[in-house]
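Beneath this line is the structure, given in structure tokens, with notes to follow.
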Amino acid sequence: MERPLIGKTALVTGSTSGLGRTLAEALAAAGSHVILTGFGEASEIEALRAGLETAHGVRARYIAADLTAPADIVRLMAEAGAIDILVNNAGMQFVSPLESFPGEKWDAILALNLSAAFHTTKAALPAMRARKWGRIVNIASAHGLVASPFKAAYVASKHGLVGLTKTTALETARDGVTCNALCPGFIHTAIVEGQIEEQSRATGIPRERVVEEIILAKHATKEFVRADQVAAFVLFLCSEAGASTTGSALPIDGGWTAA
Ligand code: NAD
């Protein structure tokens, strides 16, 4: 395999599970050193970290941080040092009608899904500008482009993240830095498994039918998006071929937002 990212350092937030883990693995496979961050069992995180070093011959570090706390993000970024590729991936979901949506869930989702990307980007930019090269990939969602009921905080945060992406792109366009948002449809990770179980419990519909009739109803393909398909976009954006793509919000959603 070609390893175009040898010598680069990538920080992927929320890389201890799900999509972020796949993105960190893909970046390491392409030769980049990686910095992992996210919650999880210490022994599992250490196995992931060590496994990346062994499999790909890169340096893999783990730095713990709660990305809903700005002071923790400042510490994370200081410990990380200069990074070339920033993937803002950590995110969470909560589903509720607006009238009963808990205020603290709104605050936490906005903090993690949107404000954390502001704080990491702010801290990462000076080194990227100095090196005249940087890639920022914000993992938004199809919900950064269209809404669904009962997901007020998630939809607002992901639309906000698309806005932050555009502003970052405009401010950095002459400095060799690109910033893009990826807008995936449903990927079968823990966040989605939680929604499937919740919907099944709430409606009494068996989980297979929830997947088919509720979750995948949005996708024209009637199939989940795969994490490795999103990873391929990230690698494209980090390549020379991706150098002119900036400020975009790219759907990877099985045709969801075409309808
Ligand atoms: P996931 O729940 O498997 O992973 C979330 C990651 O974020 C984990 O590593 C977790 O430890 C970390 N995290 C959670 N709270 C944190 C906090 N306070 N501080 C630091 N880290 C924290 O979810 P996923 O499905 O892999 O989602 C990853 C991203 O992709 C999210 O931004 C999500 O909105 C987005 N996304 C997911 C889907 C999907 O269908 N799974 C679709 C579109 C977009």
Within the range 149-179, how many residues are within 14 Å of the ligand (Cβ to nearest atom) and under 18 Å from residue 121 (Cβ atoms)?
8
If you go through 250, 182, the only one that is within 10 Å of the ligand (Cβ to nearest atom), assigned to a strand (DSSP E or B) and buried (at least 17 other Cβ atoms within 10 Å of the Cβ) is 182
Among the candidates 54, 68, which residue alone is surrounded by fewer than 22 Cβ atoms within 10 Å (Cβ to Cβ), of a type outside the set (Asp, Glu), out of contact with any Phe, Trp or Tyr (no Cβ under 8 Å at 6 or more places or on another chain) and within 20 Å of residue 189 (Cβ to Cβ)?
68
Within the range 1-47, of all residues that are surrounded by fewer than 21 Cβ atoms within 10 Å (Cβ to Cβ) and not in a loop (DSSP other than H, G, I, E, B), the one nearest to the ligand (Cβ to nearest atom) is 45
Answer with yes or no whether residue 224 is aromatic (Phe, Trp, Tyr), surrounded by 13 or more Cβ atoms within 10 Å (Cβ to Cβ) and within 16 Å of the ligand (Cβ to nearest atom).
yes
State the number of residues belonging to the range 212-229 that are under 27 Å from residue 96 (Cβ atoms) and touching a Ser or Thr at 6+ places or on another chain (Cβ under 9 Å).
3
Cβ pairs under 8 Å, 6+ apart, first in the range 219-230 and under 16 Å from residue 257 (Cβ atoms), second of a type in the set (S, T, N, Q) and within 11 Å of the ligand (Cβ to nearest atom):
230/22
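Whether any residue in the range 116-135 is more than 14 Å from the ligand (Cβ to nearest atom), assigned to a strand (DSSP E or B) and under 24 Å from residue 236 (Cβ atoms) is what I want to check.
yes
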Cβ-Cβ under 7 Å pairs, at least 6 apart or on other chains, the range 31-49 side in contact (Cβ under 8 Å) with a residue 40 or more places away in the chain, far side open to solvent by less than 10 Å² (accessible area, probe 1.4 Å) and assigned to a helix (DSSP H, G or I):
35/80; 37/76; 38/20
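The values are calculated or read from the model by the stated rules, or taken from the named source; none is laboratory data. Predicted model, so just to flag it, every value in this text is computed and none were measured. FYI the Cβ positions are ideal-geometry reconstructions off the backbone, even for glycines, and counts take in every protein chain you see. These accessible areas exclude ligands, DNA and RNA; they are computed on the full protein's heavy atoms, side chains included. Shrake-Rupley method; radii C 1.70, N 1.55, O 1.52, S 1.80 Å.
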